[in-house]
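Following: one structure in structure tokens, then a few remarks.
Derivation of every value follows stated rules applied to the coordinates shown; laboratory data play no part. Source: prediction; values computed, not measured. Ideal geometry is used to build each Cβ from the backbone, glycine not excepted, and the neighbour counts take in all protein chains shown.
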Amino acid sequence: MILERSMVETIAAALSAHGLVLRGGFNFAGAEKAPSDLSGATAKSVLLVGQAGAAPWPHFMHWLEKRSQPIDDPLDRWSREVIGAVAGKLGARAVSPSDRPYLPFQQWAMRAEGLKPSPLGILMHPQYGLWHAYRGALLFEDEIALQEPRDMIHLCDTCLEKPCLKSCPVEAYSADGFAHEACLAHVRGQNGEPCRTGGCLDRNACPYCTDYRYPAEVQAFHMAASRVCSVAECRTKS
């Protein structure tokens, strides 16, 4: 069975009501090792769910304000609830970037949307720049009727100055990779207030797609969460 385009559009509409968007998908190859679907069999296809800019923020905050007690990982909890409800109506399995063992969300995203990593490790999108994220995915027992991802312009290839590699006080990003411990030590330290309240200075230095840049309060929320999450989680979820 093939999931028709109309079903994909129905899924997109259901997610849109919460500020979320479908971020592409693909069918797993026959011999490819894929996670299981809801039935426990090997999934045939995956649709990625995410955000562009801060569109989900008011929906998430409305949900959070209704919680009578503080909860751990509230954005994860909200994402799981919303995506899980959509999955439940379709017989799909909902998965999250924070599930253990980790699923290859970044590799899935590059395959689904044709994106490439920026020097910061975050995937660069030609429309959203660095201001997007993946909140979960839907795994199906059927293949999906989808167009192949079109070739994307990789904005980082057109950027000569690379200000994203020159703004961090501790040079956490370099050709050698991400110095996670140095970043954490700085953000937690007495000189880390600009990062804690306004977000990563390197990320904010990127000149592209600034219309989608997260507001300061959203960036502060993610910076607080990044102090306790792994590198793999932070790069897909924020």
Candidate cut points under GluC sites (Glu not before Pro) in the stretch 1-69, DSSP loop plus at most 13 other Cβ atoms within 10 Å of their own Cβ, are Glu4, Glu32
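Mind checking the stretch 126-220 for trypsin sites (Lys or Arg not before Pro) that DSSP puts in a loop (not H, G, I, E or B) and that have at most 11 other Cβ atoms within 10 Å? Provide the component values of the computation, followed by the final result.
Working: sites: Arg135, Arg150, Lys166, Arg188, Arg196, Arg203, Arg213; in loops: Arg150, Lys166, Arg213.
Within the stretch 126-220, the qualifying trypsin sites (Lys or Arg not before Pro) (loop, at most 11 other Cβ atoms within 10 Å) are Arg150.
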Which of Leu160, Leu165 has the fewest Cβ neighbours within 10 Å, and the rest in rising order
Leu160, Leu165
Among the lysines, select those whose C-alpha is under 29 Å from the C-alpha of Lys116, and discard any that sit fewer than 8 residues away in the same chain.
Lys33, Lys44, Lys162, Lys166, Lys237
Across 5 Å bins beginning at 0, the whole-percent shares of Cα-Cα pair distances in the chain come to 1, 6, 13, 18, 19, 17, 12, 8, 4, 1, 0, 0
Can you work out ³J(HN,Hα) from phi for every residue in the stretch 77-93, in order, using Karplus 6.51 cos²θ - 1.76 cosθ + 1.60 and θ = phi - 60°, giving whole Hz and x for Gly and Pro?
4, 4, 4, 4, 5, 5, 5, x, 5, 5, 4, x, 7, 10, x, 9, 9
Can you pull out the chymotrypsin sites (Phe, Trp or Tyr not before Pro) in the stretch 69-175 that DSSP calls coil and that have at most 16 other Cβ atoms within 10 Å?
Tyr102
From the helices alone, meaning DSSP H stretches of at least four residues, give me the mean residue ellipticity at 222 nm for the chain, per-run term -39500 (n - 2.57), in deg cm²/dmol to the nearest 500.
-10500 deg cm²/dmol
